[in-house]
């Protein structure tokens with residue numbers, strides 16, 4: 001397989017074409033960003049840790065029948081994935097109140113939902129990824145009714161799998177965001193699942209293991225990503241460095 005031209009450079013990942021039909025390469029970089037990239041820093045080992053973390057989670061989800069774009073990890077920072085036609089919506093599930101929800105609605109941080117809360121957000125950095133409804137998505141043609149229903153169903157299916165997986169590791173899955181895309185007419189989970197896109201806390205102490213450590217200047221960002229990874233059984237060469 002040959003890696004071709006760069007086709008997208010996001011805040012923390014770069015996407016490359018390949019000479020394989022319907023396949024792309026995702027490179028996880030050491031960049032850390034917050035507040036729509038107003039805060040930016042490079043953190044050693046971040047790309048490597050996220051690449052291994054994402055591969056582990058995607059493989060666990062695939063084993064439970066949840067279709068996703070992950071094919072294989074190529075090296076410490078790159079993975080081979082299916083080329084999806086991505087839908088410009090983020091699907092968010094909240095098991096515990098945190099982040100923007102607390103600010104929007106005045107909900108107490110740490111409030112436990114009896115039933116997980118689901119929200120759609122429109123993926124647009126310039127607009128700040130606003131909260132949207134099903135009616136918005138249908139009116140503007142971002143997805144059809146069946147796709148929206150399937151995205152919701154799959155997001156909750158992921159919650160069932162991962163809440164249990166994290167609980168077994170002594171970790172609370174507070175919330176997370178997922179993105180989906182079309183692959184030959186079928187919906188697949190795309191993008192990534194790493195501590196960059198979820199909130200995970202120690203089940204007893206509520207120590208933060210996710211990107212909130214970077215947002216809140218708590219320090220030891222990657223060290224805490226690695227604590228969560230180790231608890232989950234994710235292994236990688238500790239001495240490796242991203243490029």
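Rule-based calculations on the coordinates, nothing more; no lab input. Keep in mind that this is a model prediction, so the values were computed, not measured. Counting neighbours? That spans all protein chains shown, and the Cβs are built from the backbone with ideal geometry, glycine included.
When each of the peptides 216-223, 174-181 is scored by how many other beta carbons lie within 10 Å of its residues on average, the order from highest to lowest is 174-181, 216-223.
Fewest-first ordering of 35, 214 by other beta carbons within 10 Å of each residue's beta carbon gives 35, 214.
Which of the peptides 37-47, 187-197 is most tightly packed, and how do the rest follow, judged by the mean count of other Cβ atoms within 10 Å per residue? Display every interim value, and only then the final one.
On the way: 37-47: 15.0, 187-197: 23.4.
Per-residue mean Cβ counts within 10 Å order the peptides as 187-197, 37-47.
Compactness of the stretch 152-243 is given as radius of gyration and Dmax, 14.6, 45 Å, from Cα positions. Across 92, 161, 49, mean-square fluctuation computed from a Gaussian network of the chain (C-alpha pairs under 10 Å connected) peaks at 161. Across the stretch 85-202, the mean sequence separation of Cα contacts (distance under 8 Å, 6 or more residues apart), normalised by length, yields a relative contact order of 31 percent. One Cα centroid belongs to the stretch 25-82, the other to the stretch 166-215; the line between them spans 11 Å. Ordering of 70-78, 6-14 by packing is 70-78, 6-14, highest average first (other Cβ atoms within 10 Å, averaged per residue).
Exposure proxy ranking for 102, 91, based on other Cβ atoms within 10 angstrom of each Cβ and starting from the fewest, stands as 102, 91. When each of 225, 236 is scored by the number of other beta-carbon atoms lying within 10 Å, the sequence from fewest to most is 236, 225.
Summary value for the chain: 19 percent relative contact order, contacts being C-alpha pairs under 8 angstrom separated by 6+ residues.
Per q in 0.26 1/Å, what log10 I(q)/I(0) does a Debye calculation on the alpha-carbon atoms of the stretch 97-181 return? With no solvent term, the Cα-only Debye profile gives -1.37.
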